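The next block holds one structure in the form of structure tokens; read it before the comments.
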């Protein structure tokens with residue numbers, strides 16, 4: 001999937017993480033309002049993929065541009081910060 005889009009934001013989360021649940025609305029809004037493709041990876045169900053993405057804590061957000069990871073942030077992020085990262089690499 002990452003190679004199919006110019007900019008991809010991957011949200012590595014778990015269902016039991018309160019911060020992940022709070023961030024969910026922001027992630028959904030970014031998916032609807034930006035040109036970036038947005039994907040979610042449940043680290044409990046996809047541990048190997050989460051490791052490949054470098055997720056050591058949740059939530060971890062990985063931004064890829066042109067098929068390569070360019071940003072990785074851990075913890076709650078506001079919408080403006082994430083939009084800025086997406087625009088920087090679009």
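Nothing in this text is a laboratory measurement; each read-out follows from the coordinates by a stated rule. Keep in mind that what you see is a predicted model, and the values were worked out from it rather than measured.
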Inset, instruction - Starting from the coordinates of the alpha-carbon atoms of the chain, obtain the Kirkwood hydrodynamic radius over all distinct pairs and give the value in Å to one decimal. - result: 12.8
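Given a cut-off of under 8 Å on Cα pairs at least six residues apart, what relative contact order in percent is computed for the chain? Present the calculation step by step, with values, prior to reporting the outcome.
Values: 144 pairs, mean separation 35.1, N = 90.
Answer for the chain is 39 percent.
Report the full-extension gain for the segment residue 37 to residue 16: residue separation times 0.36 nm, less the Cα-Cα distance, to one decimal in nm.
Answer, rounded to one decimal: 5.1 nm.
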